[in-house]
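As structure tokens, the structure follows; a few thoughts come after it.
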Amino acid sequence: MNDAAPRPRYDFAAAEPRWQAEWDRRGCFAAADVPAGNKPKYYVLEMFPYPSGKIHMGHVRNYTLGDVVARYKRARGFDVMHPMGWDAFGLPAENAARERGVHPGKWTYDNIAAMRAELKRMGLSLDWAREFATCDAAYYGKQQKLFLDMLAAGLVERKESWVNWDPVDGTVLANEQVIDGRGWRSGALVEKKKLSQWFLSITKYAEELLAGLDGLDRWPERVKLMQANWIGRSEGARLRFAMAEPVDGIADVEVFTTRPDTLFGMSFLAVAPEHPLAVAAAARDPKVAEFLAEARRMGTSEAAIEAAEKKGIDTGLLVRHPFIQGATFPVWVANFVLMEYGTGALFGCPAHDARDLEFARKYALPVLPVVLPKGADAAHFAIGAEAFTDDGTVINSDFLNGLDVVAAKRAAIARLEADGAGQGVVNWRLRDWGVSRQRYWGCPIPVIHCEACGIVPVPATELPVKLPEDVDFSRPGNPLDHHPTWKHVTCPSCGAAARRETDTFDTFVDSSWYFARFCSPGAEAPTDRKAVDHWLPVDQYIGGIEHAILHLLYSRFFSRAMTATGHLSVAEPFAGLFTQGMVLHESYRGADGRWLYPDEVDHEADGSARHRETGEAVTVGRVEAMSKSKRNTVDPGAIIERFGADTARWFILSDNPPDREMEWTESGVNGAFRFTQRLYRLAEAVAEIAPGDVPETFSPAARSLRQATHRTIAGVTEALDSFAFNVAVARIHEFANVLADAERHAAEPGMGWARREAAEVVTRLVAPMIPHLAEEMRHLLFPAGSGLVAEQDWPVADSALVAADRLTIAVQVLGKLRGTISVAPDAAESDILAAAAAEPNVARSLEGKRIVKRIYVPGRIVNFVVA
RNA sequence: GCGGGUGUGGCGGAACGGUAGACGCGGCGGACUCAAAAUCCGCUUCUGGCGACAGAGUGUCGGUUCGAGUCCGACCACCCGCACCA
């Protein structure tokens, strides 16, 4: 099967485009913005792709899963919306421009055309009329409107801040986009830089975003957990330590702590290297200045590598303790204190914090225990190598003595508040979302900087602020910034010469509301309220786990912000979320160590592999995520060409549960291909039977086939409802075996009718998964025509046929299986117990033993407990 | 370190607390064929037995139960996420 394309009986190459055209012609998958009917709505959405130019197997898996859901729900009577679009802004287009001189717009739209053609070959039940790309001015202009509305609503801020600067991409990254100290896209070590940036106030919704997770009962637990951790709520106190002597006008240092109960165990105060007090200390002490410079050089990445190494320097400054009259403590600058968290300053209590202890040991700072473990002896308790962080009784702490940790926290906060030295607060790990990017290929931020008026929004009538076409990529930096004319405008407020904002939005902004735009892609406003109120939330969203935090959190924020500005009325955009697993493949290396593509490799029967052309031995490497660098990729286009879209879809669904990683294998594809052909042959055989009325009588084999048919309906329905597509596939396989077997009884009464019923039902059951073959089979069965499978309702199982005629009851003795008996469904318990005890093998096991207990679970099992 | 998940044949995986291994892949044997491909039929957890059967078996150890892959506790391994979060 390696070289020659299979010569199939079912000619998928002719059939697939034919049915795709037919669906298109009949408008099978069109939805209305505001439907007139009263069918329940169902919005199925897969995460829209970045138009790289080619689809990959991850896309195929994602869109196949979504298509099964969409087609199934449609058959179940829902009015389904299933749109597709393009997440089309982003850096690769600019890189193409720099490397090959092609305009980012042309590059992007060419890629979209190529990918659209590939997706169409998959036979997805998409409403293509809703398609848009985020780089369409018709889309991003509406996004600018959303931004201006958020600005007016106080949900946008411009602030000077330390940012993550990606030196390779030459742009700012959000915290979420920094992974292990490196840029998420470039992989470059991220530097710290101070810049003026636009921020969306996601922190205003921290509480809501956290609380909202509880209501998302159709989201994976782990995604919710990841978001909860990211939002990072912690309760504690903020308190001010007065400087013993003010420095540069700084009179006190504010600190956040979750352990105000341990304030009496304090031995030092530590601030981040970027903290104003550290900067002030550096101005007075060259050694501190040197320490700060070193900390900056190390950046986040080096710090991560040397995570264990805690370093600090004593500034020589002192702070007063809020509770202990006259006591002062040294102020240190420490590399483990993060400016981004809390207040960028902390008080160190080494006895009860692992980090503080490590720091105190290194610099010989005092360690005073103030919490005594339960049952420990106060006279002999001391802190050794490990800090004590559990609950206990507070000691050495004046008015807190004798309290437990919880009560002591409360008492300490009460005292701080009474003294005006601090207050109880909730602190969040979540930062505001910096959205400014110094890039061309993004949505322009619609504001104007005026000397006199400051920040002036672009008037709504002047939207969209379009990207200029004539841009120069020969210089590094932001092409919008050095465009000769684009940024020079007059101030809308005072008419003076002013400067247009040249930053563009982070592309995650684009993907934070596209699902809403799909509801009314032609609307004049960003959303048509009737349409979004009808369609949102998305009933089933499907995509990769890699978006568990970034995209999904931003979208949840956007829904709230858009609701606050009157564009929507749902807080949660995605009622159901399904995260699919990655597609993996074996990797191969040639003798010279080069990675080889799967189609350069032939497998031998003994499991070894060799190079197809040279014949040299090939090392079979790990099964891992498909990646260009490992060359372990399989091109979906080539698979569809050789085997058809249905085969690709069937294999992807059959291999394993969809939330797990799946391995793409040649043998698996072959198996799927064989099965599609087999189904077609079964339908062909049945198509020879003339349709007729329901017969008077059915032979036992015919009745048994009908039972199998209806049990398969029940089984497949249950499997599809629970996303167990691999189980649905298995049920279909079983049923195909039964249907093939029925050919032996072809001449029996009722069998012809039963086989036609079986074949007709199976077309509808497989239609969500392999829609083209389903249509072809239906066409075989009804050559004169009777509508498309895509237009049929889901079959309904006849409960009388699903129920069994005879029950097989397992019989156990002391929990061990000794035999089975067959009984009538309405048999009396006493008769069943008697039959069970009489079963020869069971009888032998019971011989000479006394039965002390008889357990009968109706319809399932008998268990004799013997002495 | 913290949090979460997963451990079932050669492989992917099934299994409301009730006949473990459905279904598929691979393998073995057979039919058809001059032959091959395709197709069809059968076998395929391990051990013993010609066989009927018997014993063992779902990462390890224990517990609950008439009965545990499934529930509970401890541990081991692997995977994922977060990670100096005060």
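Would you check which residues across the stretch A:658-668 are of a type in the set (D, E, K, R) and part of a helix (DSSP H, G or I) and list them? Give the derivation first.
Kept after step one, since they are of a type in the set (D, E, K, R), are these residues of the stretch A:658-668: A:659-661, A:663, A:666.
Across the stretch A:658-668, the qualifying residue is only A:E666.
What pairs come out if I take residues in the stretch A:342-360 that are on the phi > 0 side of the Ramachandran plot and pair them with residues that are more than 8 Å from RNA strand B (Cβ to nearest atom) and in a loop (DSSP other than H, G, I, E, B) whose C-beta lies under 6 Å away, six or more apart or interchain?
A:G344/A:H275
Of the conditions (1) surrounded by fewer than 19 Cβ atoms within 10 Å (Cβ to Cβ); (2) under 30 Å from A:A411 (Cα atoms); (3) within 12 Å of RNA strand B (Cβ to nearest atom), A:P260 satisfies every one except a single condition; which number is it?
Evaluating A:P260 over (1) surrounded by fewer than 19 Cβ atoms within 10 Å (Cβ to Cβ); (2) under 30 Å from A:A411 (Cα atoms); (3) within 12 Å of RNA strand B (Cβ to nearest atom) leaves (1) as the failure.
Out of all the residues in the stretch A:827-867, which are in a loop (DSSP other than H, G, I, E, B) and under 16 Å from A:T808 (Cα atoms)?
So in the stretch A:827-867, the residues in a loop (DSSP other than H, G, I, E, B) come out as A:827-828, A:839, A:847-850, A:858-860, A:867.
Matches in the stretch A:827-867: A:A827, A:A828, A:E839, A:P858, A:G859, A:R860.
Among the residues of the stretch A:220-259, which ones are outside any strand (DSSP E or B), among the basic types (K, R) and within 20 Å of A:G348 (Cβ to Cβ)? Can you show your working first?
Within the stretch A:220-259, the subset outside any strand (DSSP E or B) is A:220-232, A:248-249, A:258-259.
Keeping just the survivors that are among the basic types (K, R) gives A:222, A:224, A:259.
Scanning the stretch A:220-259 gives a single hit, A:R259.
What pairs can you find where one residue is in the stretch A:312-338 and at positive phi and touching a residue at least 60 places away in the same chain (Cβ under 8 Å), the other is buried (at least 24 other Cβ atoms within 10 Å of the Cβ) and assigned to a strand (DSSP E or B), and their Cβ atoms are less than 6 Å apart, with a gap of 6+ or different chains?
Taking only residues 6 or more apart or on different chains, not a single pair turns up.
Tell me which residues, restricted to the stretch A:732-748, are buried (at least 16 other Cβ atoms within 10 Å of the Cβ) and either over 30 Å from A:R74 (Cα atoms) or free of Cβ contacts under 8 Å to residues at least 24 places away in the same chain (or both).
A:A742, A:H745, A:E748
Looking at (1) in contact with an Asp or Glu (Cβ under 6 Å, 6 or more places away or on another chain); (2) surrounded by 15 or more Cβ atoms within 10 Å (Cβ to Cβ); (3) of a type outside the set (K, R), can you tell me which one A:P35 breaks?
Evaluating A:P35 over (1) in contact with an Asp or Glu (Cβ under 6 Å, 6 or more places away or on another chain); (2) surrounded by 15 or more Cβ atoms within 10 Å (Cβ to Cβ); (3) of a type outside the set (K, R) leaves (2) as the failure.
Identify, by number, the condition in (1) modelled with pLDDT of 90 or more; (2) of a type in the set (D, E); (3) buried (at least 17 other Cβ atoms within 10 Å of the Cβ) that A:D655 doesn't meet.
Only one criterion is unmet by A:D655, namely (1).
Step by step: first the residues of the stretch A:572-600, then only those that are hydrophobic (A, V, I, L, M, F, W, C) and within 16 Å of RNA strand B (Cβ to nearest atom), then the one that is surrounded by the fewest Cβ atoms within 10 Å (Cβ to Cβ). Which residue is that?
We begin by selecting, within the stretch A:572-600, every residue hydrophobic (A, V, I, L, M, F, W, C); these are A:574-575, A:577-578, A:582-584, A:591, A:595-596.
Those still in the list that are within 16 Å of RNA strand B (Cβ to nearest atom) too: A:577-578, A:582-584.
On the way: A:L577: 19, A:F578: 20, A:M582: 17, A:V583: 23, A:L584: 19.
Here the residue is A:M582.
Condition check: exposed (fewer than 14 other Cβ atoms within 10 Å of the Cβ), under 29 Å from A:F725 (Cβ atoms), within 16 Å of RNA strand B (Cβ to nearest atom) and not aromatic (F, W, Y). Does A:R660 satisfy that? Don't jump to the end; show me each part of the working.
Details: exposed (fewer than 14 other Cβ atoms within 10 Å of the Cβ): yes; under 29 Å from A:F725 (Cβ atoms): yes; within 16 Å of RNA strand B (Cβ to nearest atom): yes; not aromatic (F, W, Y): yes.
In short, yes.
Just to be sure before I move on: is A:A824 within 26 Å of A:R706 (Cβ to Cβ), aliphatic (A, V, I, L, M), surrounded by fewer than 17 Cβ atoms within 10 Å (Cβ to Cβ) and more than 12 Å from RNA strand B (Cβ to nearest atom) in the structure I sent? Full working, then the answer.
Details: within 26 Å of A:R706 (Cβ to Cβ): yes; aliphatic (A, V, I, L, M): yes; surrounded by fewer than 17 Cβ atoms within 10 Å (Cβ to Cβ): yes; more than 12 Å from RNA strand B (Cβ to nearest atom): yes.
Considered against the rule, which asks whether it is within 26 Å of A:R706 (Cβ to Cβ), aliphatic (A, V, I, L, M), surrounded by fewer than 17 Cβ atoms within 10 Å (Cβ to Cβ) and more than 12 Å from RNA strand B (Cβ to nearest atom), A:A824 comes out as yes.
Filter the stretch A:119-137 for residues that are among the acidic types (D, E) and surrounded by 19 or more Cβ atoms within 10 Å (Cβ to Cβ) and give the result. Please lay out each step first, then the result.
Here is the first cut: in the stretch A:119-137, the ones among the acidic types (D, E) are A:127, A:131, A:136.
Within the stretch A:119-137, A:D127 is the sole residue that qualifies.
Would you mind finding the one in A:Q677, A:Q707 that is of a type in the set (S, T, N, Q), in contact with a helix residue (DSSP H, G or I) (Cβ under 6 Å, 6 or more places away or on another chain) and surrounded by 15 or more Cβ atoms within 10 Å (Cβ to Cβ)?
On the way: A:Q677 fails: in contact with a helix residue (DSSP H, G or I) (Cβ under 6 Å, 6 or more places away or on another chain).
One residue alone meets the criteria, A:Q707.
Can you tell me which residues in the stretch A:330-356 are more than 11 Å from RNA strand B (Cβ to nearest atom), farther than 30 Å from A:K193 by Cβ and among the aliphatic types (A, V, I, L, M)?
If the condition is that a residue be more than 11 Å from RNA strand B (Cβ to nearest atom), farther than 30 Å from A:K193 by Cβ and among the aliphatic types (A, V, I, L, M), then A:A351 is the only one that fits.
Going by the structure shown, is A:P795 surrounded by fewer than 18 Cβ atoms within 10 Å (Cβ to Cβ) and assigned to a loop (DSSP other than H, G, I, E, B)?
Numbers: surrounded by fewer than 18 Cβ atoms within 10 Å (Cβ to Cβ): no; assigned to a loop (DSSP other than H, G, I, E, B): yes.
The answer is no for A:P795.
For residues that are closer than 30 Å to A:R218 by Cβ, within 14 Å of RNA strand B (Cβ to nearest atom) and part of a loop (DSSP other than H, G, I, E, B), tally how many sit in the stretch A:608-657.
3
Return yes when A:A687 is at pLDDT below 95, surrounded by fewer than 21 Cβ atoms within 10 Å (Cβ to Cβ), more than 30 Å from A:L807 (Cβ to Cβ) and not acidic (D, E) and no when it is not.
Numbers: at pLDDT below 95: yes; surrounded by fewer than 21 Cβ atoms within 10 Å (Cβ to Cβ): yes; more than 30 Å from A:L807 (Cβ to Cβ): yes; not acidic (D, E): yes.
For A:A687, the condition - at pLDDT below 95, surrounded by fewer than 21 Cβ atoms within 10 Å (Cβ to Cβ), more than 30 Å from A:L807 (Cβ to Cβ) and not acidic (D, E) - is met.
Determine which member of the set A:E274, A:E290, A:E245 is farther than 24 Å from A:V371 by Cα, in contact (Cβ under 8 Å) with a residue 60 or more places away in the chain and more than 16 Å from RNA strand B (Cβ to nearest atom).
Numbers: A:E274 fails: more than 16 Å from RNA strand B (Cβ to nearest atom); A:E290 fails: in contact (Cβ under 8 Å) with a residue 60 or more places away in the chain.
So the residue among A:E274, A:E290, A:E245 that is farther than 24 Å from A:V371 by Cα, in contact (Cβ under 8 Å) with a residue 60 or more places away in the chain and more than 16 Å from RNA strand B (Cβ to nearest atom) is A:E245.
The values are calculated or read from the model by the stated rules, or taken from the named source; none is laboratory data. As the structure is a prediction and not an experimental result, all values here were calculated from the model. So basically every Cβ, Gly included, is an ideal-geometry build from the backbone, and we count neighbours across all protein chains shown.
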